[in-house]
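Chemist: Before we start, here is the structure in question, set down as structure tokens.
Taken together, the values in this text are just the output of simple stated rules run on the coordinates, not laboratory data. Model, not experiment: these values are computed from the prediction. FYI the Cβ positions are ideal-geometry reconstructions off the backbone, even for glycines, and counts take in every protein chain you see.
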Amino acid sequence: MSASGRAFEHGKEDIDGLCTELVVAALKQTNLDYRIKLRNWDYGYNRALRKENHGIFCTTYTEERAPLFKWVGPLTDNLWTVFAPPGSDFEMDGLSDAKGMVFGGYRNDVKSEYLIKKGYEVSALDSDDLNPKRLELGQIDLWLADRLGGPYVASQQNVEGLVPVFSFNDTQLFLALNLETSDEVVAELQSGLAAIRESGMFEAIETKYGL
């Protein structure tokens, strides 16, 4: 499954974007049958946890999540970025400058979980899609999102001009597969990913998305 609003996805009838194109290209190097569906993050994440031969992308790899899935990747790098509303002059030198402010987030997202663990207030939804509009309307103070993906998600809600005020925590994104998925399937997918790297297709897709 692809997660709504993640890594430059498009409309429900046309699921593409950086991670989707990379995963599909890798799948085409295999003999595996597949279906890709667009789900909100919380639903898709929990379904991938529960159901054999299901997965979700792009998923941040962390030590806490490592034993929960089997992993294929990395697909791309990700830099977490705090966004302020359009026109904001708010400045941050560190995350501690946002103490006492309300972040927009979404359930089962590693960024939201990180903030909560550090003692920050997070107003979490089932999906990230509405957070740019909430930020614009003043319903939240800040939004923690992907550096490149955040502005795309915002543009889908007709929100422009969000101000990136602080970036941190460079991470890697993967395809996360249910633990009951066979090791042979995982190996075949990893080989497919290696094949598109070797052929230059991986780099061509990255270039298409400005990476």
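Chemist: Counting GluC sites (Glu not before Pro) as exposed when in a DSSP loop with at most 13 other beta carbons within 10 Å, what is the longest stretch of the chain free of them?
Modeler: Here the longest run is 92-159.
Chemist: Okay, next question. Under the definition of Cα pairs under 8 Å and six or more residues apart, what whole-number percent is the relative contact order of the chain?
Modeler: Relative contact order for the chain comes out at 35 percent.
Chemist: Cα gyration tensor of the stretch 78-170, axes a ≥ b ≥ c as square roots of the eigenvalues: rounded (a/c below 1.5), prolate (a/b > b/c) or oblate?
Modeler: rounded
Chemist: If you don't mind, there's one more thing I want to ask. Are there trypsin sites (Lys or Arg not before Pro) in the stretch 18-52 that DSSP puts in a loop and that have at most 15 other Cβ atoms within 10 Å, and which ones?
Modeler: In loop regions of the stretch 18-52 (DSSP not H, G, I, E or B), the sparsely surrounded trypsin sites (Lys or Arg not before Pro) are K28, R35, K37, K51.
Chemist: Right, next: Kindly provide the trypsin sites (Lys or Arg not before Pro) of the stretch 69-142 that DSSP labels as loop, not H, G, I, E or B, and whose Cβ sees at most 15 other Cβ atoms within 10 Å.
Modeler: Sites meeting the loop and neighbour criteria: K99, K118.
Chemist: In whole angstrom, how far apart do the alpha carbon centroids of the stretch 16-54 and the stretch 153-211 sit?
Modeler: Each part's Cα centre sits 12 Å from the other's.
Chemist: Additional query: Between rounded, prolate and oblate, where does the chain land on the alpha carbon gyration tensor, with a ≥ b ≥ c its root eigenvalues, rounded for a/c under 1.5, else prolate if a/b exceeds b/c?
Modeler: Verdict is prolate for the chain.
Chemist: Select from N78, I196, S182 the residue farthest towards the positive end of the dipole of the chain; place +1 on Cβ of Lys and Arg, -1 on Cβ of Asp and Glu, and compute about the Cα centre.
Modeler: Farthest towards the positive pole: S182.
Chemist: Under 12 Å Cα-Cα from K99, which aspartates and glutamates qualify once same-chain neighbours fewer than 8 residues away are excluded?
Modeler: By straight Cα distance, K99 reaches E121, D141.
Chemist: Hey, got the dipole for the stretch 77-126? About the Cα centre, +1 on K and R Cβ, -1 on D and E Cβ, debye to the nearest 20?
Modeler: 240
Chemist: Looking only at the chain, where both bridge partners belong to it, what percent of the DSSP beta bridges are antiparallel (to the nearest 5)?
Modeler: If I count the DSSP bridges inside the chain, around 65 percent turn out antiparallel.
Chemist: What pairs in K70/K111; K37/K70; K70/K118; K117/K208 have C-alpha atoms more than 25 Å from each other?
Modeler: Listed pairs above 25 Å: K70/K118; K117/K208.
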